[in-house]
Every structure is written in C-alpha cells, then in structure tokens.
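Asks: Before we start, here is the structure in question, set down as structure tokens.
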Amino acid sequence: MSLSLLFPMGLLALAALLVPLLIHLARRHHYAPLEFAALRWLRAKARPRQRIRFDEWPLLLVRLLLLAALALLLARPLLHGAPVQAPPWVVVAPGLAPVTVPEGSDGRWLAPGFPPLQETAPGTTQPLASLLRELDQQLPTGTALTVYVPDPMPGLDGERPRLSRAVEWRPVAAPINAATGDTAPRLRVSGAAPATDDAQTLRVLDAVQRAWNAQPISALLEGDAVPANGEIGVWRSDAPLSDPWRKWVEAGNSVLTLSATAVADKGTPILTDSEGKPALARHALGRGQVLRFTAALTPDALPIVRDPAFPRRLLEQLHPAVAPRIAPAATQRPLTGAAAPLVQPRDVSSWLLIAIVCLFALERWMATSRRRGAGA
C-alpha cells in the first residue's frame, strides 16, 4: 500500500506547529535568583548556559499531533493498493441454463452489465472473450472467478483471452446452434435409393443433425423433390445429380453426396482425417457447391466420423460462421499475465476526522485537568 496527497499544498499548514511551541516556551516557569548579604562579596562565577526546556511536554505533543493531523486533512491523503474483500463470482454465458451458485458467491450472467442470474437471461452480440476481459478489470484483485461457457464456445474476437487472474473454466456441452446463437441448417435427404443399404449412413447423418441443433433428421424427400433454399441436400443415389437437383445447386445451395459420378472433376480436398487422408472434397457447380465424401459415410470406411469435432468441422464447410467464430471451449481457457485491474484509491479523510476529534478531546482533557490541579 502507498499514500499520496491530492492537495500537497495543504501541508503548508504544518507551519502552525510553531504556535504551540512558542506558547509553551513563553509560559514556562522562570526562576529569579535571590541574593544573600553574606554571599555578595564572593567572586562572581560564570553562570551555566540555559537550556530550552518545555513544561508539560505530553500536552505539547498532543497539540503538535492535532495540528499535524489537521494539515494532513487539508492535503487530502489517498490510500492506494488497499485490499478489497469481494465474494467469489460465478458467471454463466447466455444460452446456458442457470447453475447452482455456492453459498456466499455472486452469480451473474456473462453479458453487458453482468446482471444477476435471478434475472432473465439477456441476449447479447458482444464477444464472450471481450466480456471476460471487461469483467476481469472490474473485479478486485484476488476475487475468485468461475466461468460457465458453451462448448463449442462462440464470441471469439481474434485472440485468446488473457486475464490478470486464474479462472475455474467450466465448458458445458451445447448444440452448435445454441452456442452460436444462429440456426444451423437442416439436412434434407433425397428419396433416390442407393445401390447398397445405407441404414448406417442415415444414422450418421441423424447424429450430425442432432449435434447441430438437437433435432432428428427430417423425413426423406419424395421423388425428385429438392430441399428448400438454405437447407443442405444429401444425394444418396450413385447416379449423377438429377436435373432438378443440379439446378437447385447451381442457384447457390450445397449438397452432400457419396457418388463419385455426381460431378465430373475430382474436386478440392477440404477436410482430412487425423492421418492426413482426404475425407471430403469440394466441387463448384454454378453458384453452389457439391461436397463429396471420399468413402462410405460409416465409422469403418471413414474414420473421421468418430471424431467428436466432425459435426462442427462439417458445418464450417457447409455453413461458415460469421465473425465471431466458434471454437472448442477447452482451447479458449483464459491465459494469465494481463495487467492487474486498476484499484480505486481510498480516501482516508474520514479516519483522519475521527483521529482529530479524539486528539482534540484528549487535548482539552489534559489542559483542563492541569488547570484544576493548579487551582487546587
């Protein structure tokens, strides 16, 4: 902790300390010599040098302290770095269910203004990473912080958060659309039957759809019916795209297929597995795109399907998220090392006033008791 003065010129009032010093010097007892007749013929000797002596020095000390306190009060002292006690904070990102806050902790939403959890979950477009930095600078140093965020985590702003404190990071699994606040597209599977049974493929597609928005896959389209604009088509047949489907893709839509004959070229690999083997290739078709799996959409034929991040990675290729992007919450655990929050200095004038009152009362008691003793 350190002390600073808001008005240093107030210390000029310390010159008033000379007043009680002069008063005590003027009022000290003087001893007049009394000469005896028998001693006046003795040789005069040099008188000893007089020393400055103060009578009633405890009273003088109290008066000096009182004036020093008054001068310090005029200078307005401020105390920096004073410890501030604050309860632990538990913050929850909007979109998640409120959590049980431990007794003695303060539960808040990770939203502008950080409203209490008792209020309705607010909507916000401000990046969560930016809100975390703002909260870190508002909380007093040493305040424990627990953060609940959706996994995957949205609200990134180009840099991993760096805070001045370590936080207890609590990712909560959530559908991708719940994490992004956006509506994930729907998968619409064509009614054209493949040459082989694709029951396992449909189960994989259903799992992907549930990971996107916690809903099952829609019913199969009948005949040559095409999905609605904005939906993701799935072409099951081994034959090339039918004319209605080709026109639908050329209009700016996307289709997933396992058929090597759906388009003429080999396409550009855009998704690889852990071994670096291509798993998904892109083909341009008009203003749209055809995304072709390089093998059957089963865990045995396409190992990337077993990757928990596969639904998210596939969605990023089909429906790129606008900024801020999303990422696994575990990779966004805040780093430490940021500057500590600025602490508002504390004004100690109230404590000085109490000290001045006490010193004045003590001075009056000592001065009046001396007079009573002298009168007695």
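A quick yes/no check of all residues on (1) within 30 Å of Val290 (Cβ to Cβ); (2) open to solvent by less than 50 Å² (accessible area, probe 1.4 Å); (3) among the aromatic types (Phe, Trp, Tyr); (4) at pLDDT 85 or above:
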position: Arg313; (1), (2), (3), (4): yes, no, no, yes
position: His319; (1), (2), (3), (4): yes, no, no, no
position: Val322; (1), (2), (3), (4): yes, no, no, no
position: Ile326; (1), (2), (3), (4): yes, yes, no, no
position: Ala330; (1), (2), (3), (4): no, no, no, no
position: Ala338; (1), (2), (3), (4): no, yes, no, no
position: Val343; (1), (2), (3), (4): no, no, no, no
position: Val348; (1), (2), (3), (4): no, yes, no, no
position: Trp351; (1), (2), (3), (4): no, no, yes, yes
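Asks: Please enumerate the residues belonging to region 189-200 that are at pLDDT 80 or above and open to solvent by 20 Å² or more (accessible area, probe 1.4 Å).
Replies: Answer for region 189-200, where residues must be at pLDDT 80 or above and open to solvent by 20 Å² or more (accessible area, probe 1.4 Å): Ala199, Gln200.
Asks: Please work out which one of (1) closer than 23 Å to Asp238 by Cβ; (2) within 40 Å of the chain's Cα centre (by Cα) is the condition Gly267 fails and give its number.
Replies: With (1) closer than 23 Å to Asp238 by Cβ; (2) within 40 Å of the chain's Cα centre (by Cα) applied to Gly267, the lone miss is (2).
Asks: I would also like to ask the following. Which condition number in (1) within 30 Å of Leu359 (Cα to Cα); (2) open to solvent by 40 Å² or more (accessible area, probe 1.4 Å); (3) touching a strand residue (DSSP E or B) at 6+ places or on another chain (Cβ under 7 Å) is the one that Arg170 fails?
Replies: Of everything listed in (1) within 30 Å of Leu359 (Cα to Cα); (2) open to solvent by 40 Å² or more (accessible area, probe 1.4 Å); (3) touching a strand residue (DSSP E or B) at 6+ places or on another chain (Cβ under 7 Å), Arg170 misses just condition (1).
Asks: Being acidic (Asp, Glu) and outside any loop (DSSP other than H, G, I, E, B): is that true of Asp206 here?
Replies: Yes; evaluated as a whole, the condition is true for this residue.
Asks: Now, a different point. Within region 224-239, does at least one residue satisfy the condition of being exposed (fewer than 15 other Cβ atoms within 10 Å of the Cβ), among the basic types (Lys, Arg) and modelled with pLDDT under 90?
Replies: No, that holds for no residue.
Asks: Under the condition of being buried (at least 19 other Cβ atoms within 10 Å of the Cβ) and more than 15 Å from Pro185 (Cβ to Cβ), which residue from region 240-258 is farthest from the chain's Cα centre (by Cα)?
Replies: Leu241
Asks: Kindly indicate the residue of region 279-305 that is basic (Lys, Arg) and closer than 12 Å to Leu256 by Cα and also least open to solvent (accessible area, probe 1.4 Å) among those meeting that condition.
Replies: Applying the first criterion (basic (Lys, Arg)) to region 279-305 yields 282, 287, 292.
So of that shortlist, the ones also closer than 12 Å to Leu256 by Cα come out as 282, 292.
On the way: Arg282: 81, Arg292: 38 Å².
Once the filter is applied, the top-ranked residue is Arg292.
Asks: Still on this structure, I have one more. Taking Arg186 as the residue in question, decide whether it is touching a residue at least 40 places away in the same chain (Cβ under 8 Å), within 17 Å of Leu315 (Cα to Cα) and either among the charged types (D, E, K, R) or open to solvent by 40 Å² or more (accessible area, probe 1.4 Å) (or both).
Replies: Yes, satisfied.
Asks: Mind listing just one residue for me: the one in region 52-88 that is charged (D, E, K, R) and in a loop (DSSP other than H, G, I, E, B) and, of those, modelled with the highest pLDDT?
Replies: Arg76
Asks: Right, another one. Do we have Gly276 as open to solvent by 20 Å² or more (accessible area, probe 1.4 Å) and under 22 Å from Ala309 (Cβ atoms) here? If you could, list the steps in order and put the result at the bottom.
Replies: Numbers: open to solvent by 20 Å² or more (accessible area, probe 1.4 Å): yes; under 22 Å from Ala309 (Cβ atoms): yes.
Taking the combined requirement at face value, the residue satisfies it.
Asks: Next up: Go through Glu159, Glu119, Glu103 for me and flag whichever is farther than 30 Å from Ser4 by Cβ, open to solvent by 40 Å² or more (accessible area, probe 1.4 Å) and modelled with pLDDT under 80.
Replies: Glu159
The values are calculated or read from the model by the stated rules, or taken from the named source; none is laboratory data. The structure presented is a predicted model; accordingly, all values stated were derived computationally and were not measured. With ideal geometry, Cβ positions are generated from the backbone for all residues, glycine too; neighbour counts draw on all protein chains shown. Note: areas computed on protein heavy atoms with side chains; ligands, DNA, RNA excluded. Shrake-Rupley method; radii C 1.70, N 1.55, O 1.52, S 1.80 Å.
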